[in-house]
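Student: Sharing a structure here in structure tokens format.
The values are calculated or read from the model by the stated rules, or taken from the named source; none is laboratory data. Computed from a prediction, not measured in an experiment: that's the story for all the values here. Here the Cβ is made from the backbone with ideal geometry for all residues, glycine too, and neighbour counts use every protein chain on show. The area values use the complete protein model at the heavy-atom level, side chains included, leaving out ligands, DNA and RNA. Shrake-Rupley method; radii C 1.70, N 1.55, O 1.52, S 1.80 Å.
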Amino acid sequence: MYQKDPSPKTYRHRDGCRELMEWLTLLGLWSDPLLKITGDRLKLKFLVHSVYITFKNIIPLNMESKNYDRIATEKRWKKFWEKEKIFQFSEKSKAPLYVVDTPPPYVSADHLHAGHIMSYAQAEFIVRYQRMRGFNVFYPMGFDDNGLPTERFVEKKYKIDKSKITKSEFIKICLQETEQGAQTYKKLWDDLGISVDWTKTYSTISPLATKVSQWSFLDLHKKGALYRNEAPVLWCPSCRTAIAQADLEDKKEDAKINSIYFSSHGTKLTIATTRPELLSACVALYVNPTDTRYKHLIGKNALVPLFDYEVPIRASEKVDSAFGTGLMMVCTWGDKEDLEKWQTDKLQTRAVLREDGRLNELGIAYRGLKIYEARKKIISDLQRKGYLIKQEDISHTLNVHERCGTPVEFILSKQWFIKIADLQKTWLAYGKKLHWYPETKRQDYELWVNSLQWDWCISRQRYYGVPFPVWYCEHCLEPILAHEKMLPVNPAEVKPPLSSCPKCGHKKFVPENDVMDTWATSSVTPFIIRELVRDKQIKKKLFPATLRPNAFEIIRTWDFYSIVKSHYHFQSVPFRDVMISGHGLDEHGRKISKRLGNYIPSEKLLEEYGADAIRYWATGAMLGQNLRFNIQEVKKGRKTTIKLWNVGRLILMNLGDFKFKEVSRHLECADIWILQEFNQTLTKVTHAFDAYAYAKAKDEIDQFFWSKFTDYYLEFIKYRLSGDDAISQQAARYTLTTVFLGIIKMYAPILPFITEELYQLIYKKNERAKSLHLSQWPSVIEIHTDQDVSDFTQAIAAIDEIRKYKSERAMPLGSELAKYKLTTKVDVDKYGEFIRNAARVKILR
RNA sequence: GGGUGAUUAGCUCAGUUGGUAGAGUGUCUCGUUUACACCGAGAAGGUCGUAGGUUCGAAUCCUACAUCACCCACCA
């Protein structure tokens, strides 16, 4: 392929090199195994098949490299931070508090990827920033390890049949698995440089979290926010547990809508249904009272096909005469409408579904069949007996359980509920009190609150979770609650605090076997985290938290339920700010998933590009928006760390006898310019970070560092650094070191490793803070001068012009021009000397 | 059906209160011997989803539509 290119070509030290090497090897031109491509230079020229190849940067393997050693650096500072307890919360500090209520991740994930990295790195940028702003940051980490996700994960991983294993054995495996999961996460956070205080951790199954969750239960009960009721609840037949509205997800499905007829006094009544398997649960037919076709039948009965029993025909204005046949079948219970009618009209109950999703004895001939099997058989029987009029294909959306994708059903059962449905105004008011970042996400919250229909069912018929602190009287089923001082308590192992039932006097009790919804525990994290501190005074101040960072899909669960609990317990918001992040997507914008395999495992990413580079990519997300994985951005992050490293080297090589505390009074135009630019950038970056806009902060720092500091300023002062004007040199050194310290401080929240390395190498001797991450956020630099350089852009334009002139004539930029006539308008008296020196021109006209 | 967000250079995305289109990356040309080839300079690239409207002037404000994503509802 190279032969085809007739023009001389320069191969740069990029991806093409390997290809070129292989090609040269094939031609027998590349045979010296001691040669390797690295960052240092050596010029070789080949003439092959009339292709010139200028191939540089080849050095023997044994030559020492001055390249940035990322791996060693990251390891070094990780160790240092841990050993010196840099991120440990101080109970003694008088600084104002900044409390982060971090989402405890589900540890039931064995495939960590860029998405996980992104969601946690983003909160981290803020934490490091606030720490440098002088806040006493409280940054604990929790792990959400109980509940359905974990159970399903364990079931799948070990292919467990829960009917063949005891509850305690199962829980034991869950505990083991979650411990392992926590370790996996901890390692990733450590490698990423997440500045969590690892002395402050909790797990949602721990005695502490159990205690707080159970206390919450007792307190809610005391405050009348809790009740136990037998009612049709949302039920997942696959997980065999009650679930909450928030656990639902939409799923599109192709289905058949079946027209079948009921007969009533000789009339054939055609109804359409997608769920014929619920025929034996039919309790009524409904028509619109104004519908002339059926008016005369209201109050009469209709005969259910196949099952031969009669149901009443009733009227309801909610029935749309124009929809379908204008007849609606109500079952117990196929959907929400059924539930409503059943409740308001006190209809009979014919619950045909069992907890395992099979039909019970009401299904008669279909008893024991699964929903889909029953549907198939009933359709074929209806057809055979002539009840089926027609079948049409439709595509509809149904509610499935988000954890397993199974369509949900309604099943009659006794559950604990927290009152939320009638308090929409209260929840909306809390939503208004919180600061949402971005502001638009408040709407997501409000939309959810407005769509609330049922109270929050918090009991789950599962094994692995926080137990209810409750027993029941065996005789009258009166619930007996634990005393607060008994917590945490497992009612299966402990006796209730009463010896006899206060209602009926019986002395035998049974423990509650259900466990709490996983959100019932995670919604109390604002109360859990403060329990990690001993000092009572500080404990008080840790609530409400300052920041709640989380992704948008748990606004309706974690955020909402936390608000509910915080309201009932303390009439307070649980946190001040909510920072909503998006998801990490793959490079094509698809969700990252194990099934698609569209991701690079996090360990591999870290190994190949380093923590700083990946964090750099993660900073690119706009608040509340998804972020595509972009390897180019990661590479740019790596380039930025290397560039910083090289600037550091330049500084170290040019420090001479520079005294850091000396402020120069002899600043030159370029110095003043860069200092002013720095101050402007700093202001913008600070504002951006304050508003949680880390992406914008990064853009501003990048622009200053790359386009102003390295591309211009460093080039502007090279002649002064190596020149013999001591005063000018001193001013350059002062400006250089001062601005660079500001730069690494601004980059510190995003690129913690390289910045710490540079701080320790260059500045530590003269600074008080033992880590850059404990140092103060930079403040605006005072500029000691009377000079006005507001027109300095002229000088830059002039230099650009000269650079362009040289570039167009294929001249080296470093070559000196004897004379040059500027077309750019510039104050030559003011900037002439500077331009001649910086752009290497002898005479400027 | 209702809602929210997105639609800007080949790709990934910025664009603050309406004033002649921006960055990174990729492409092309050229340069480079002491901070850095994990570099530097330069060039090419867009009627800002479509159609209307407001305005002296619209990527930006309004209306409709299209496509995509997510949320909610419907599911007789």
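Student: Looking at (1) buried (at least 18 other Cβ atoms within 10 Å of the Cβ); (2) over 18 Å from A:Asp69 (Cα atoms), which is the one condition that is false for A:Gln632?
Tutor: The failed condition is (1).
Student: Modelled with pLDDT under 95, more than 16 Å from RNA strand B (Cβ to nearest atom) and within 30 Å of A:Gln88 (Cβ to Cβ): does that describe A:Lys211? Write out each step before concluding.
Tutor: On the way: modelled with pLDDT under 95: no; more than 16 Å from RNA strand B (Cβ to nearest atom): yes; within 30 Å of A:Gln88 (Cβ to Cβ): yes.
Taking the combined requirement at face value, the residue does not satisfy it.
Student: While we're on this one: Being of a type in the set (A, V, I, L, M, F, W, C) and open to solvent by 40 Å² or more (accessible area, probe 1.4 Å) is the filter here; which residues of region A:153-172 pass it?
Tutor: Within region A:153-172, A:Ile171 is the sole residue that qualifies.
Student: Quick one: in region A:573-621, of everything that is open to solvent by less than 10 Å² (accessible area, probe 1.4 Å) and assigned to a loop (DSSP other than H, G, I, E, B), which residue is farthest from RNA strand B (Cβ to nearest atom)?
Tutor: A:Pro574
Conditions (1) touching an Asp or Glu at 6+ places or on another chain (Cβ under 9 Å); (2) within 14 Å of RNA strand B (Cβ to nearest atom), marked per residue:
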{"site": "A:Thr199", "(1), (2)": "no, no"}
{"site": "A:Tyr227", "(1), (2)": "yes, no"}
{"site": "A:Glu230", "(1), (2)": "no, no"}
{"site": "A:Val233", "(1), (2)": "no, no"}
{"site": "A:Ser263", "(1), (2)": "no, no"}
{"site": "A:Gly266", "(1), (2)": "no, no"}
{"site": "A:Ser280", "(1), (2)": "no, no"}
{"site": "A:Asn288", "(1), (2)": "yes, yes"}
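Student: Can you list the strands (runs of 3 or more DSSP E) found entirely within region A:216-285 that contain at least 3 residues being without any contact (Cβ under 8 Å) to a residue 12 or more places away in the chain and surrounded by fewer than 20 Cβ atoms within 10 Å (Cβ to Cβ)?
Tutor: Details: elements: A:226-236, A:248-264, A:267-273.
Per the criteria, no element qualifies.
Student: I'm checking my understanding of the structure. Among residues of region A:286-308 that are out of contact with any helix residue (DSSP H, G or I) (no Cβ under 9 Å at 6 or more places or on another chain) and at positive phi, which one is most open to solvent (accessible area, probe 1.4 Å)?
Tutor: A:Asp308
Student: Of everything in region A:441-462 that's surrounded by fewer than 22 Cβ atoms within 10 Å (Cβ to Cβ) and over 16 Å from A:Ala246 (Cβ atoms), which residue is nearest to RNA strand B (Cβ to nearest atom)?
Tutor: The residue in question is A:Gln443.
Student: Is it true that A:Arg375 is on the phi < 0 side of the Ramachandran plot, modelled with pLDDT under 90, buried (at least 19 other Cβ atoms within 10 Å of the Cβ) and not in a strand (DSSP E or B)?
Tutor: The answer is no for A:Arg375.
Student: Still on this structure, please answer the following. So which residues in region A:67-96 are open to solvent by 90 Å² or more (accessible area, probe 1.4 Å) and hydrophobic (A, V, I, L, M, F, W, C), if there are any at all?
Tutor: A:Ile71
Student: So, in region A:801-834, of the ones that are of a type in the set (Val, Ile, Thr) and within 14 Å of RNA strand B (Cβ to nearest atom), which residue ends up least open to solvent (accessible area, probe 1.4 Å)?
Tutor: At the first step, the residues of region A:801-834 found to be of a type in the set (Val, Ile, Thr) are A:802, A:823-824, A:826, A:828.
Then drop every residue that is not within 14 Å of RNA strand B (Cβ to nearest atom), which leaves A:802, A:823-824.
Values: A:Ile802: 2, A:Thr823: 118, A:Thr824: 40 Å².
The extreme case among them is A:Ile802.
Student: Cβ contacts < 6 Å: first residue more than 8 Å from RNA strand B (Cβ to nearest atom), restricted to region A:632-651; second residue of a type in the set (S, T, N, Q), any location; separation 6+ or different chain. Result?
Tutor: none
Student: Determine whether region A:97-109 contains at least one residue that is more than 19 Å from A:Met516 (Cα to Cα), of a type outside the set (Gly, Ala, Ser) and open to solvent by 20 Å² or more (accessible area, probe 1.4 Å).
Tutor: Yes - at least one qualifying residue is present in region A:97-109.
Student: Still on this structure: Please find, among A:Tyr185, A:Tyr202, the residue that is assigned to a strand (DSSP E or B) and within 22 Å of the chain's Cα centre (by Cα).
Tutor: A:Tyr202
Student: Scanning for something open to solvent by less than 10 Å² (accessible area, probe 1.4 Å) and touching a Pro at 6+ places or on another chain (Cβ under 6 Å), does region A:741-755 turn up at least one residue? Give the steps one after another, and end with the answer.
Tutor: Just the residues of region A:741-755 that are open to solvent by less than 10 Å² (accessible area, probe 1.4 Å), to begin with: A:742-744, A:746-755.
Those still in the list that are touching a Pro at 6+ places or on another chain (Cβ under 6 Å) too: A:742.
Scanning region A:741-755 turns up at least one residue that is open to solvent by less than 10 Å² (accessible area, probe 1.4 Å) and touching a Pro at 6+ places or on another chain (Cβ under 6 Å).
Student: Is at least one residue of region A:407-424 of a type in the set (S, T, N, Q), crowded, with 16+ Cβ neighbours inside 10 Å and more than 22 Å from A:Val524 (Cβ to Cβ)?
Tutor: There is at least one residue in region A:407-424 that is of a type in the set (S, T, N, Q), crowded, with 16+ Cβ neighbours inside 10 Å and more than 22 Å from A:Val524 (Cβ to Cβ).
Student: Within region A:203-215, can you find the residues that are in contact with a Pro (Cβ under 7 Å, 6 or more places away or on another chain) and crowded, with 22+ Cβ neighbours inside 10 Å? Give the derivation first.
Tutor: From region A:203-215, those in contact with a Pro (Cβ under 7 Å, 6 or more places away or on another chain) are A:204, A:207, A:210-211, A:214; that's our starting set.
Residues satisfying the conditions are A:Thr204, A:Thr210, A:Gln214.
Student: Sort out which residues of region A:311-369 are among the aliphatic types (A, V, I, L, M) and within 13 Å of A:Val283 (Cα to Cα), and write them in order of number.
Tutor: A:Val311, A:Ile313, A:Met328, A:Met329, A:Val330, A:Leu339, A:Leu347, A:Ala351, A:Val352, A:Leu362
Student: Another question, then. Name the residue, out of A:Tyr463, A:Tyr445, A:Tyr430, A:Tyr472, that is part of a loop (DSSP other than H, G, I, E, B) and in contact (Cβ under 8 Å) with a residue 40 or more places away in the chain. Reasoning before the result, please.
Tutor: Working: A:Tyr445 fails: part of a loop (DSSP other than H, G, I, E, B); A:Tyr430 fails: part of a loop (DSSP other than H, G, I, E, B); A:Tyr472 fails: part of a loop (DSSP other than H, G, I, E, B).
After ruling out the rest, the residue left standing is A:Tyr463.
Student: Return the residues of region A:312-368 that are among the β-branched types (Val, Ile, Thr) and either surrounded by fewer than 19 Cβ atoms within 10 Å (Cβ to Cβ) or part of a loop (DSSP other than H, G, I, E, B) (or both); say none if nothing qualifies.
Tutor: A:Val319, A:Thr325, A:Thr332, A:Thr344, A:Thr349, A:Val352, A:Ile364
Residues are listed down the side, and each one gets a yes or a no for (1) in contact with a Leu (Cβ under 9 Å, 6 or more places away or on another chain); (2) open to solvent by less than 50 Å² (accessible area, probe 1.4 Å); (3) farther than 27 Å from A:Ile171 by Cβ; (4) within 16 Å of RNA strand B (Cβ to nearest atom):
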{"position": "A:Lys485", "(1), (2), (3), (4)": "no, no, no, no"}
{"position": "A:His506", "(1), (2), (3), (4)": "no, no, yes, no"}
{"position": "A:Phe527", "(1), (2), (3), (4)": "no, yes, no, no"}
{"position": "A:Leu542", "(1), (2), (3), (4)": "yes, yes, yes, no"}
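Student: Restricting to region A:539-576, name every residue that is free of Cβ contacts under 8 Å to residues at least 40 places away in the same chain and of a type in the set (Asp, Glu).
Tutor: The answer is A:Glu553, and nothing else.
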